[in-house]
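FYI, it's all coordinate maths here, none of it is from the lab. Fair warning: this is a prediction, and the values are worked out from it, not measured in the lab. All Cβ positions, even for glycine, are placed from backbone atoms using ideal geometry, and neighbour counts span all protein chains on display.
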Amino acid sequence: MAPPAASQSGSKRNPRRGSKNGNGSPNSKGPTRLFVLDTNVLMHDPSSLFRFEEHDIFLPMIVLEELDGHKKGMSDVARNARQASRTLDALVAQKGADIHHGVPLAASSNREATGLLLFQTEPLSHELPASLPQGKADNQILGVVQALTLKHPLRQVVLVSKDINMRIKARALGLAAEDYQNDKTLDDGELLYPGSLALPHDFWTRQSKTLESWQQGGHTYYRISGPVVDKLAINQFVYFESAGEPALYARVTELRTKQAVLRTLKDYTHLKSSVWGITSRNREQNFALNLLMDPEIDFVTLAGTAGTGKTLMALAAGLTQVLDERRYTEIIMTRATVSVGEDIGFLPGTEEEKMGPWMGALDDNLEFLAKGDGGNAGEWGRAATNDLIRSRVKIKSMNFMRGRTFMNKYVIIDEAQNLTPKQMKTLITRAGPGTKIICMGNLAQIDTPYLTEGSSGLTYAVDRFKGWPHGGHITLARGERSRLADFASEVL
């Protein structure tokens, strides 16, 4: 097949499954491509073997050797290496499989992969520059790619690797190389669903003839139509701001073929509607508090730069619903423990004490919230409030989440941008009846190696939950921390 551009390989059309799995191309004509997989692709995604549609896959012998060397241990890499080895064993062991002529990939549960899996069963002669050490695994794989390119002149042989330097070396040798794209939810972080939409300046004029409105439960509802409906998703926020005209802040509650129903929001900018003494300072914070305080919303994602109020709003909404409204029994807070600099070593104490140094943001915000709530109660009152708050906030490590079920809990996952999609799934599936989960993060501060804005677990969750009636997302735009922090975010 004629190759698509490298930047397009693996792009998504359907939100559930990409029209192109991995690096396949759906609409071209010609001979199928031959993909040579680097070891890091299999250790990154053990199911990558089935992500290349009708194309064939070639595994050099050194890749099997490297898989064997990484299979020991309890890390995600070791688990993935073992899973990849089991998958290869199952494919080779299937009835009628001929390892010399290629093993069919179309197993019972992977009908989309119609190509063959080819193993290196004989030495392949190649000549690499003398400056490349011949014993190094990466260079041996490059040699295999070069030999296959000469052996199959009518087919495009492509190296697929997660290693940037490996791809650069391949291209320097005149060989085709691509990144593995199937793990990327978005090609560009700027394409992330923002959760809000500005209505066009002629919105009221266009809706004047067909607009319906009614009052119910303290909210005003509007039934709208027109081309703007095609851009909307369930629980998306819309706003209309124009000089001399009434402003509108609403949330999409219903979508039909050509019509949408909007419901006006509760205004959390006024002190009478404050949440644990906190009021929203901008439009996006008001949107976020509407999601956090709505009992019908089970899953909330908040993205935004430092100082936009993510943790403070999530905690304030949690304390109000745990202590005042008794909607949830307690707040559970966890985060990815990824160091920004050098690790400080093992930490003493219990699980909660070990998590203490990671929870500085929690301590800062709890101190602020406790001070605001008990301002007129004196020293004893503040101490009592602090103890009450602390008794309802539990700090848990992500390492011990597997197998747990949270009932009627308010769960906050901080620094969610450092989670992989698999870790995100593990955490969200802990939710039992009556539990609400809030994921917060800043996609500009990813500290985990091999994760990007496009492949982060936070991006994955935002994309997959878009349009779900019980989930909502908002990207917070303006920092409210201080003028120093705002200026630093812009210029540094």
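Structure above, values below:
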item: Kirkwood estimate for segment 165-232, i.e. one over the average of 1/r between Cα atoms, Å; result: 17.2
item: Computed label-point distance, nm, for sites His152 and His126 using a 7 Å Cα→Cβ extension; result: 1.3
item: Inter-site label distance for Glu112 and Leu232 at 7 Å from Cα along Cβ, in nm; result: 3.1
item: Cubic angstrom per residue, convex hull over Cα atoms of segment 189-264; result: 105
item: Segment 131-172: C-alpha gyration tensor shape, a/c 1.5 cut-off, then a/b vs b/c; result: oblate
item: Scattering curve values for segment 34-178, log₁₀ I(q)/I(0), Debye with Cα scatterers, q = 0.13, 0.22 Å⁻¹; result: -0.56, -1.54
item: Packing-based exposure ordering (other Cβ within 10 Å, fewest first) of Asp267, Asp38, Asp163; result: Asp267, Asp163, Asp38
